[in-house]
Every structure is written in C-alpha cells, then in structure tokens.
Amino acid sequence: MKFDLVHKDPLSKARAGSITTDHGVIETPIFMPVGTVASVKGVHQRELKNDINPDIILGNTYHLYLRPQTEILEKAGGLHKFMNWDRNILTDSGGYQVYSLSSNRKIKEEGVKFKSHIDGSYHFFSPENVMEIQRTIGADIIMAFDECTPYPCDYRYAKRSMHMTHRWLDRCIAHLDKLPFKYGYEQTFFPIVQGSTYKDLRQQSAEYIANVGAQGNAIGGLSVGEPAEEMYAMTEVVTAILPEDKPRYLMGVGTPVNILENIALGIDMFDCVMPTRNARNGMLFTANGSINIKNKKWEADFSPIDEMGITFVDTEYSKAYLRHLFAANEYLGKQIATIHNLGFYMWLVREARERIIAGDFYQWKEKMVKQMSQRL
Ligand SMILES: CNc1nc2c(CC[C@H]3O[C@@H](OC)[C@H](OC)[C@@H]3O)c3nc(N)[nH]c(=O)c3cc2[nH]1
C-alpha cells in the first residue's frame, strides 16, 4: 500500500491524500459504506459503483466467518470474487461484534470464546485464527484483533484492556508474517489504538501503535456512547502521536458533523452504519439538515428528495412518494433512502477533500456544521 499526502489545510489538521492498493486508488478523506455480510444492505454492486462510487467498502470478519463461512469464501477465490466487487474492501477483525452481538462470551488472554448470534453454536477467536480468517476473506485492508474497551469503564479496566490489546497486536503481527497472501494481491494490516477516554492511556497506546510502523493506523474504542467532545479530545491526543505520513482510520464514526470535526483533527478514513441504518428508518441526511421522511409534513411535498443530491434518486423521486413508500412499508423506500444517504456521505467527504485542496476547508466546515444540524 502507498499513501501520498497531497495537501494539508492551513487552519486545521485536515489532510487530502491518496491510498493506492492492488484494487485501486482510495482518495482521502474517505467514507467507507458498511457491507457487513457482503452486501451494502439494499444496494446492488452496480448501483454502488455507478451512483455512489465508493473507492472502498467494509466487510466484517465475525459475520462472514459465521455466514457464508470461510470455506465458501475460499472456494469462491475470496470476498471480492464472491460478491463481484473489484474495488477495495476493508474487513474489521470482529473484536467489536464479539462483544456487541454474541451472548455469553468469555474474554481470556488466549482469546474469546463466544456463542453465535445465528445458531447458538460455540466458537473461539484468537489473534492467530482471526488473521487466518482475514487472509481467507482477502480484504485489501485487515484490522488487528483487539478488545474494543466498553464505555464507560474505570481506569484500571481501561489500562488492563489496552495492554491486552497490545499483546494481541504482537501476536497478530507474529502470526501474519507466517501467512502468505492467498489470492495474488497484497493485504495491508492496520493496528488499533485503544485507551478508552483516559488521555495518558491514549498517549501510551498511540505510542505503542506508532512504533509498529504499519502502513496505516486505526483509532478504536470511540463512538461507543462517549460525548462527542470526549471523542474529539481523544482523537486530538492520538493524531498528535500517530505518524503524519500514514492514513488514520477512526472506526465507527459517525454523524456528518462528527466526520467533518474529525477530518479537521487529522482523520482520513471513516466507517459508520448510520447512513444505511438510519435510511432504513426513514432518516435522511442532507446538507441543510436531517429529514424524517415519515413525518406527515412531507405527505404532499412533490419537490425532489434533495435538489442538491448527487444520486439519481434525489431528482427522480419526490419527498411525497418516498414518504408513501415508507408508509406502505415498500422495501423500495429503504433502497431509495439508503442510496440517498450514502450519496450524501460520499458528497460530504469529497467536498471536504476539494476544500482542503482549495485551502478554505476550515471556513466551509464551520458553515456546514451549523447548516447540517438543522431539523427540516
Ligand atoms: C459504531 N462505533 C464503533 N464501531 C467500532 C468498531 C467497528 C465496528 C464494525 O462493526 C460494524 O458496524 C457496527 C462494521 O463492520 C462492517 C464495523 O466495521 C470497532 N472495531 C474494532 N475492531 N475495534 C474498535 O475499537 C471499534 C470501535 C468502534 N466503535
């Protein structure tokens, strides 16, 4: 993987860059649509490419391991082939899901025993086997197996959890070195900073991760319920320590405002289920604020969904029609709302990149943060 920084903003830590992998160029700042189980829910790969056009999408080790299972993915020649997506894919290691989705899991030094949320069968994830699973899935960027420290937690727990994540990181790296690439293209490994919302632990973890010298670095343990100010404060502490010439990925973030604020703090990559999950509930994000399309006020509003939208749904369908589809529980409604929201998130990060290059990102960000916080 190669990362070229093409511009830095004069009034903030915002950067514009390009990541090059064997599956193409990723222009940063970038938003990565979540395609947890090999599908961005309700969107065809062809629509993704033509209308939303992300350079990279996300998959998830926990989900893909349980279904369709690694054996099928190996027979398919990896996830790209299996889902017919020839651009970049990043897979998260499943650390987060083991805590958030499965029941009665047991965390031990060796790894985590958990019960499948699908059929109740027992499984075991360790740094070693999660690296093997990610080699088989074949994503271009793969994540360390970490413990996403729950929030809130006391200092002692956060410190112990952070040190275990560091020991697991060492095991991931040691094991990965013995595992050749499976499908003829490179895979890049990102370590993950933890430390909860404790400044000194975040500094320690950022130093530890920076010393690995990886091609990219991730910040975990945030967007787990902490106040936005805490998220920003921890991001600021960590980006001051992570190498400037490597991409920074802030996991699970966030709202449009969170994304702009964290771009200003030096983050390059984002993923979040919000645009897709909120879309399925009729919550639309726009440059002028958010819309709850189920609201009666849109019943006879035949104006386009979003005059400033970048996808075909924004101008080909009206607000009244979309509201009707939600009222009738037609799944076309969820598909239209999903394409709109993903289109908006892609517009937001692309516009941010243009502003960083033009040199007026900070002023634009200040204006957008106010504008997008309105409820329409
Ligand atoms: C939402 N906030 C948030 N997400 C987070 C994720 C991704 C969740 C992963 O789960 C799926 O979304 C729920 C996505 O999987 C495709 C995502 O990559 C994290 N992953 C790891 N390994 N470590 C973390 O510290 C961590 C923290 C998060 N905070």
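The values are calculated or read from the model by the stated rules, or taken from the named source; none is laboratory data. Computed from a predicted model, the values in this text were never measured in an experiment. Because the Cβ atoms are built from the backbone with ideal geometry, glycine has one as well, and the counts that use them run over all protein chains shown. Keep in mind that these areas ignore ligands, DNA and RNA; they rest on the heavy atoms of the full protein, side chains included. Shrake-Rupley method; radii C 1.70, N 1.55, O 1.52, S 1.80 Å.
SER318 satisfies every condition listed in (1) more than 16 Å from the ligand (Cβ to nearest atom); (2) of a type in the set (Ser, Thr, Tyr); (3) closer than 14 Å to ASN341 by Cβ except (3).
Checking the structure you have, find out if any residue of the range 181-198 is open to solvent by less than 40 Å² (accessible area, probe 1.4 Å), in contact with a strand residue (DSSP E or B) (Cβ under 6 Å, 6 or more places away or on another chain), small (Gly, Ala, Ser) and modelled with pLDDT of 95 or more. No, the range 181-198 has no match at all.
What about LEU73, is it touching a helix residue (DSSP H, G or I) at 6+ places or on another chain (Cβ under 8 Å), assigned to a loop (DSSP other than H, G, I, E, B) and either without any contact (Cβ under 8 Å) to a residue 60 or more places away in the chain or aliphatic (A, V, I, L, M) (or both)? Explain how you work it out, then say what you get.
Numbers: touching a helix residue (DSSP H, G or I) at 6+ places or on another chain (Cβ under 8 Å): yes; assigned to a loop (DSSP other than H, G, I, E, B): no; either without any contact (Cβ under 8 Å) to a residue 60 or more places away in the chain or aliphatic (A, V, I, L, M) (or both): yes.
Taking the combined requirement at face value, the residue does not satisfy it.
Let me confirm something: among VAL43, VAL37, which residue is within 29 Å of TYR99 (Cβ to Cβ), of a type outside the set (D, E, K, R) and at pLDDT below 95? Exactly one of VAL43, VAL37 is within 29 Å of TYR99 (Cβ to Cβ), of a type outside the set (D, E, K, R) and at pLDDT below 95, namely VAL37. When ASN104, ASN60 are checked against the criterion of being out of contact with any His (no Cβ under 8 Å at 6 or more places or on another chain), closer than 18 Å to GLU147 by Cβ, without any contact (Cβ under 8 Å) to a residue 24 or more places away in the chain and polar (S, T, N, Q), a single residue qualifies: ASN104. Being in a strand (DSSP E or B) and either within 14 Å of the ligand (Cβ to nearest atom) or not aliphatic (A, V, I, L, M) (or both) is true of LYS113. Looking only at residues in the range 39-69 that are of a type in the set (Val, Ile, Thr) and touching an Asp or Glu at 6+ places or on another chain (Cβ under 8 Å), the one that is farthest from HIS340 (Cα to Cα) is THR61. Being touching an Asp or Glu at 6+ places or on another chain (Cβ under 7 Å) and small (Gly, Ala, Ser): is that true of SER161 here? Criteria met by SER161. Scanning the range 210-226 for residues that are within 16 Å of the ligand (Cβ to nearest atom) and either more than 17 Å from the chain's Cα centre (by Cα) or under 19 Å from TYR96 (Cα atoms) (or both) gives VAL212, ALA214, ASN217, ALA218, ILE219, GLY220, GLY221, LEU222, SER223, VAL224, GLY225, GLU226. Which one is nearest to LEU11 (Cα to Cα), of the residues in the range 345-374 that are open to solvent by 10 Å² or more (accessible area, probe 1.4 Å) and within 18 Å of the chain's Cα centre (by Cα)? Here the residue is ARG353. Restricting attention to the range 67-105, the residues that are surrounded by 20 or more Cβ atoms within 10 Å (Cβ to Cβ) and over 21 Å from PRO33 (Cβ atoms) add up to 2. Criterion applied to ALA174, ALA206 was being part of a helix (DSSP H, G or I) and surrounded by fewer than 16 Cβ atoms within 10 Å (Cβ to Cβ), and the one residue passing it is ALA174. Does ILE52 count as open to solvent by 60 Å² or more (accessible area, probe 1.4 Å) and hydrophobic (A, V, I, L, M, F, W, C)? No: the conditions fail for ILE52. Of all residues in the range 136-171, those satisfying the criterion of being hydrophobic (A, V, I, L, M, F, W, C) and part of a helix (DSSP H, G or I) are ILE137, ALA158, MET162, MET164, TRP168, LEU169. Applying the set (1) within 23 Å of the chain's Cα centre (by Cα); (2) within 20 Å of GLU74 (Cα to Cα) to GLU147 leaves exactly one unmet item: (2).
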